[in-house]
């Protein structure tokens, strides 16, 4: 029996999906991936992400200002985000991708934190969950989330921190995104964390076209690979496949309100 999945994090508005959306959705569906959440990274992409969600039943939109392109974001972009959130489009399910990043040179970290807090407050005002990016910033991000306590919480995506850091996010009410990192045998820390976390705290994701799985290095990642991430997760955990698949769907429904 084929399980049904939701890829909770796929940048479907980028190549190789651009211009090949219908076929890419079909390919994903053939692997059991029946719905895909598409997070925007900057204001210039808001319209195209919304259009994708409007035109394709399987796609859902998230709008946000990503820390990796912090120098692109202006206060006008925040106002534009606020205005779009006020339209309350039913396919708009989250604010994201937002967060903090200390990986890049010249991170403009003060500005990152300002933009994050503004977007967390928008999430609070509009009663939406958030899709969170965090690289080398888990403890700092947790402080922001504790201070600005959201009603709807959200997910820390592509998590590769420690069990203790993951547990802190879970204690704050957040889910943890499980992606292709766990398919690499050398990623033993992340594999151990995903094996030990409560099943109720996990969401399935690909981060396509980024984060290719083990054995697919150098190729664009794709949403149908969520099925392979799931298969690896099942190898790492003790619960039966069916139980894990159902829990992932229920966890996704609880965060984003998406049902299959």
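The values are calculated or read from the model by the stated rules, or taken from the named source; none is laboratory data. Nothing here was measured: the structure is a model prediction, and the numbers come from that model. Cβ placement follows ideal geometry from the backbone for every residue including glycine, while neighbour counts extend to all protein chains displayed.
Hey, among 77, 45, 72, 55, which residue is touching a helix residue (DSSP H, G or I) at 6+ places or on another chain (Cβ under 7 Å) and surrounded by fewer than 23 Cβ atoms within 10 Å (Cβ to Cβ)?
77
Pairs needed: first member in the stretch 21-33, surrounded by fewer than 19 Cβ atoms within 10 Å (Cβ to Cβ); second member anywhere, modelled with pLDDT under 95; C-beta distance under 7 Å; at least 6 residues apart or different chains.
32/2
Can you find a residue that is touching a strand residue (DSSP E or B) at 6+ places or on another chain (Cβ under 8 Å), modelled with pLDDT of 95 or more and assigned to a helix (DSSP H, G or I) anywhere in the stretch 178-188?
no
Going through 127, 101 one at a time, which residue ends up being surrounded by fewer than 16 Cβ atoms within 10 Å (Cβ to Cβ), within 18 Å of the chain's Cα centre (by Cα) and at pLDDT 95 or above? Give the derivation first.
On the way: 101 fails: surrounded by fewer than 16 Cβ atoms within 10 Å (Cβ to Cβ).
So the residue among 127, 101 that is surrounded by fewer than 16 Cβ atoms within 10 Å (Cβ to Cβ), within 18 Å of the chain's Cα centre (by Cα) and at pLDDT 95 or above is 127.
Could we say that residue 5 is in contact with a helix residue (DSSP H, G or I) (Cβ under 9 Å, 6 or more places away or on another chain), modelled with pLDDT of 95 or more, surrounded by 23 or more Cβ atoms within 10 Å (Cβ to Cβ) and under 15 Å from residue 205 (Cα atoms) here? Walk me through it before giving the result.
Numbers: in contact with a helix residue (DSSP H, G or I) (Cβ under 9 Å, 6 or more places away or on another chain): yes; modelled with pLDDT of 95 or more: yes; surrounded by 23 or more Cβ atoms within 10 Å (Cβ to Cβ): yes; under 15 Å from residue 205 (Cα atoms): yes.
Answer is yes for this residue.
Quick grid of which residues meet (1) under 16 Å from residue 195 (Cα atoms); (2) at pLDDT below 95; (3) not in a helix (DSSP H, G or I):
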residue	(1), (2), (3)
212	no, no, yes
224	no, no, no
227	no, no, no
235	yes, no, no
243	yes, no, no
246	no, no, no
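Looking for something at pLDDT 95 or above, in contact with a strand residue (DSSP E or B) (Cβ under 8 Å, 6 or more places away or on another chain) and under 21 Å from residue 248 (Cβ atoms) - is there at least one such residue anywhere in the stretch 17-25?
Yes, there is a match, as at least one residue in the stretch 17-25 is at pLDDT 95 or above, in contact with a strand residue (DSSP E or B) (Cβ under 8 Å, 6 or more places away or on another chain) and under 21 Å from residue 248 (Cβ atoms).
So if I check each of 51, 57, which one is farther than 20 Å from residue 150 by Cβ and in a loop (DSSP other than H, G, I, E, B)?
Values: 51 fails: in a loop (DSSP other than H, G, I, E, B).
Going through 51, 57 in turn, just one is farther than 20 Å from residue 150 by Cβ and in a loop (DSSP other than H, G, I, E, B): 57.
Answer with yes or no whether residue 116 is farther than 24 Å from residue 11 by Cα and in contact with a strand residue (DSSP E or B) (Cβ under 8 Å, 6 or more places away or on another chain). So that I can check it myself, show each step before the final result.
Values: farther than 24 Å from residue 11 by Cα: no; in contact with a strand residue (DSSP E or B) (Cβ under 8 Å, 6 or more places away or on another chain): yes.
The answer is no for residue 116.
If you take the residues in the stretch 64-82 that are assigned to a loop (DSSP other than H, G, I, E, B) and out of contact with any strand residue (DSSP E or B) (no Cβ under 8 Å at 6 or more places or on another chain), which one is nearest to residue 11 (Cα to Cα)? Full working, then the answer.
The initial filter retains those residues of the stretch 64-82 that are assigned to a loop (DSSP other than H, G, I, E, B), namely 64-66, 73-74.
With the extra rule that they be out of contact with any strand residue (DSSP E or B) (no Cβ under 8 Å at 6 or more places or on another chain), the set shrinks to 73-74.
On the way: 73: 19, 74: 22 Å.
Here the residue is 73.
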